[in-house]
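Worksheet: the structure to be examined is printed underneath.
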Amino acid sequence: MQRLGRSCVSWTSPRFPQVEPHATIAEIKNLFTKSHPQWYPARQSLRLDPKGKSLKDEDVLQKLPVGTTATLYFRDLGAQISWVTVFLTEYTGPLFIYLLFYFRVPFIYGHKYDFTSSRHTVVHLACICHSFHYVKRLLETLFVHRFSHGTMPLRNIFKNCTYYWGFAAWMAYYINHPLYTPPTYGAQQVKLALAIFVICQLGNFSIHMALRDLRPAGSKTRKIPYPTKNPFTWLFLLVSCPNYTYEMGSWIGFAIMTQCLPVALFSLAGFIQMTIWAKGKHRSYLKEFRDYPPLRMPIIPFLL
């Protein structure tokens, strides 16, 4: 193994035993780790070209477009952390941060408001909805989601937590503020928004269950997702990522319910990010499956 700078390594050195043609990329990573323990397999990216895409762990050496001698290039992905740990950290923070403002713990709104309760029903309803959303996410992380990649860069957890925790605190501060005023159209607006929120939460959960059933446990199999007998999954007829569509709908409902600017801004930021993810996944589907349904859009039916 010969290092080519900080980020590339050529698999040509006689210091390593000969790699069998039927060896997988995962086996090569494990072999590399034996001599370089600081670069554990999840931290490695092996490529056929320094600027190319990372090879998959299940790729077999003899099936790659190489001759009798293969040169693999190594890139250090940096310290890694499991997706489960990242999600649990991301979602636990907003859940407890919001409750600190809801219960008006000391030093937030002033001494006379410590542990007081809002007189507005919508404030209590908003707390229930917000808490339900993140409890649902935590349970899905533990019992529903199956991740195609086991880890992500450690640095991402700080960025993601800043986003989720920061917005949670900003929203909670205004919604639970002693001077908060209810929505303009009162109970009718709140009821409509609650219906949107509940429907979209059920839809989001239904899509996650449908996606889970596509991939057997321990497998990285990829299939085209199709609607099931569950009506909430029928959105697959029109979009590639209905989980993002329902997620966006939930936050729109929450924004209407609370009539709070920070919630609207959080919804907008989330929509932009989810649109980027949806477009990427949509392109991946089109590239991988020739028979992919042509009418589907990434996230919004007929538009986007």
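The values are calculated or read from the model by the stated rules, or taken from the named source; none is laboratory data. Note that the coordinates shown come from a computational prediction; the quantities given were computed from them, not determined experimentally. Methodologically, a virtual Cβ is constructed for each residue, glycine included, from the backbone with ideal geometry; neighbour enumeration extends over all protein chains shown. We work out accessible area using only protein heavy atoms, side chains counted, and drop any ligands, DNA or RNA first. Shrake-Rupley method; radii C 1.70, N 1.55, O 1.52, S 1.80 Å.
So what's the chain giving for Rg/Rh, alpha carbon basis, Kirkwood Rh from the mean inverse pair distance? List each step's numbers first, then the result.
Numbers: Rg = 23.8 Å, Rh = 22.3 Å.
Ratio value, two decimals: 1.07.
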Once you place label points 7 Å from the Cα toward the Cβ at Asn156 and Arg212, how far apart are they in nm? 2.1
Solvent-accessible area per residue for the range 183-303 (1.4 angstrom probe, square angstrom): 54
P(r), alpha carbons of the range 49-149 - 5 Å bins starting at zero, rounded %: 2, 9, 13, 12, 10, 9, 8, 8, 6, 5, 5, 4, 3, 2, 1, 0
Of Asn160, Asn243, Asn204, the most mobile residue in a GNM of the chain (C-alpha springs, cutoff 10 Å) is Asn160
Could you name the lysines whose alpha carbon sits less than 25 Å from that of Lys51, not counting residues in the same chain fewer than 8 places away? Lys29, Lys63, Lys220, Lys279, Lys281, Lys287
Computed about the Cα centre, the charge dipole of the chain from +1 Lys/Arg and -1 Asp/Glu charges at the Cβ has a magnitude in debye, to the nearest 20, of 480
Leaving ligands and nucleic acids out of the surface, order Phe158, Phe266 by accessible area at 1.4 Å, largest first. Phe158, Phe266
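First compute the accessible area of the range 183-303 with a 1.4 Å probe, then give the percent of it belonging to carbon and sulfur atoms.
Its accessible area is 69 percent carbon and sulfur atoms.
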The chain: most fluctuating residue of Tyr163, Tyr73, Tyr102 per GNM, C-alpha cutoff 10 Å: Tyr73
Take Val19 and Ala195, extend 7 Å from each Cα along the Cα→Cβ direction, and tell me the distance between the two endpoints in nm. 6.0
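Which net charge results for the neighbourhood of Tyr134, defined as the other residues with beta-carbon distances under 14 angstrom from its beta-carbon, given Lys and Arg at +1 and Asp and Glu at -1?
Working: positive: Lys136, Arg137; negative: Glu90, Glu140, Glu247.
Summing Lys/Arg as +1 and Asp/Glu as -1 gives -1.
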Which angle between 0 and 90 degrees, to the nearest 10, do you get for helix 186-214 versus the longest principal axis of the chain when only C-alpha atoms count? 20
Checking His130, His36, His120 against a Gaussian network model of the chain (alpha-carbon springs below 10 Å), the top fluctuating residue turns out to be His36
Principal-axis tilt of helix 261-288 within the chain, Cα atoms, nearest 10 degrees: 30
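Can you tell me the convex hull volume per residue for the range 149-304, based on C-alpha atoms, in Å³ to the nearest whole number?
Values: hull volume 21.1 nm³, N = 156.
So the per-residue hull volume is 135 Å³.
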Could you give the nm distance between label points at Trp277 and Lys56, where each point is 7 Å from its Cα heading toward the beta carbon? 2.1
Between the alpha-carbon centers of the range 237-289 and the range 189-203, tell me the distance in whole angstrom. 16
